[in-house]
Amino acid sequence: MSEQIGTALRWGRDRISACSETARLDAELLLAFCLDKPRSYIYGRPEQELSESCWQKYQELVQKRLEPTPIAYLLGRREFYSMEFAATPAALVPRPETELLVELALEQIPIEATCRVCDLGTGSGIIAITLKKQRPLTSVYATDVDPDCLVLARANAVRHGAEIEFIESDWYQQLPRGMVFDLIVSNPPYIAANHPFLAQGDLPAEPELALTPGTTGLEALEQIVSHARDYLVSGGYLIVEHGYDQQATVADLLKAHGFGEIRCVTDYNGLPRTSLAKLVENLNSGA
Ligand code: GLN
């Protein structure tokens, strides 16, 4: 038995509402995906019959959505900074708040001069690729400890024709000796391992490695901040995304490791989300 577009949408919305606050939108995206049409196609055609195979495929996707599987993984794509990226369960689903980090980074990268940037823990590559597309003269390096992320990030770089040097590395560990940057950026895992938030929404479907660094939630930020000065030029910048309640701790860490001019920006919910700092004192130089 097949269905019409209108009834299929209502059927999907009613089910998906058990796990998503955007059930209607999710149902529309999944149905449009099964029809291989833009979402606008399904408006104004509520009585159009779906083919049997389309209806079957749609039912399967709705079922997967309930597990829950994020829409981005089901569609295999997600938009970030007005560009479309491949999305797979290897990496975190791109978040709109990470666009703030990109904005802050772009303020620091000259348009008409060369600059070296490193994105630590690149995941699907969205930050590195966006920066390269916006500032083509920049040499962009991107690391990840997970080879599956690097496969995905490389595919995204190819998709956007962005030339990026990918390095499999646990934060700085496998970076070539003597490599220094003008800017280091990172959206690391920062949720404490026992935090109830990890069990909410779609988070259980995302890679734990990308969400939580350990019991305090600060382990990755500590690694990144405490070694940054070994990989930054004097006067270079570090920009990190962090938890809404980690701003003060991150600022203290930054100060303790030679950074000044610390600035934090709030996300779309008004929460402190991304901090930028300048390396004012390179403790290693000449030492
Ligand atoms: N901001 C993300 C969330 O709230 C977490 C991202 C991260 O840990 N880097 O789900």
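Assorted remarks:
- For segment 73-172, GluC sites (Glu not before Pro) meeting the loop criterion (DSSP other than H, G, I, E, B) and having at most 13 other Cβ atoms within 10 Å: GLU112, GLU163.
- If you run the Gaussian network model on the chain, springs between alpha carbon atoms under 10 Å, then out of GLY217, GLY44, GLY161 the most flexible one is GLY44.
- Between GLN48 and SER226, the simple spin-label model (points 7 angstrom out along Cα→Cβ) gives 5.8 nm.
- Spin-label pair LYS37/TYR244, simplified geometry with 7 Å Cα→Cβ offset, distance in nm: 3.9
- Estimated FRET transfer efficiency when R0 is 51 angstrom, pair ASP14-ARG263 (beta carbons, to 0.05): 0.65
- The long axis of helix 147-159 is offset from the longest Cα principal axis of the chain by roughly 80 degrees.
- When ILE224, ILE126 are arranged by Cβ crowding within 10 Å, least crowded first, meaning fewest neighbours, the order is ILE224, ILE126.
- Degrees, to the nearest 10: 98-108 long Cα axis against longest axis of the chain: 40
- Remark: spin-label model distance SER139-ASN194 equals 4.6 nm, labels positioned 7 Å along the Cα→Cβ axis.
- Helix 5-16 axis, angle to the chain major axis (alpha carbon atoms, nearest 10°): 50
- Counting only residues at least eight positions apart within a chain, or on another chain, the lysines with an alpha carbon under 21 Å from that of LYS37 are LYS57, LYS64.
- Calculated FRET value between SER2 and LEU75, using beta carbons and R₀ = 30 Å, to 0.05: 0.85
- Restricting segment 217-282 to GluC sites (Glu not before Pro) in coil, as DSSP defines it, with at most 16 other Cβ within 10 Å: GLU281
- A full extension of the chain between THR22 and GLU168 corresponds to an added length of 48.9 nm, given 0.36 nm per residue minus the alpha carbon distance.
- Segment 71-114 and segment 1-64 have Cα centres lying 27 Å from one another.
- Straight Cα distances below 24 angstrom link LYS255 to the lysines LYS278, with same-chain residues fewer than 8 positions distant left out.
Rule-based calculations on the coordinates, nothing more; no lab input. For clarity, every value in this text was computed on a predicted model and none was experimentally measured. We place every Cβ from the backbone using ideal geometry, glycine too, and count neighbours over all the protein chains shown.
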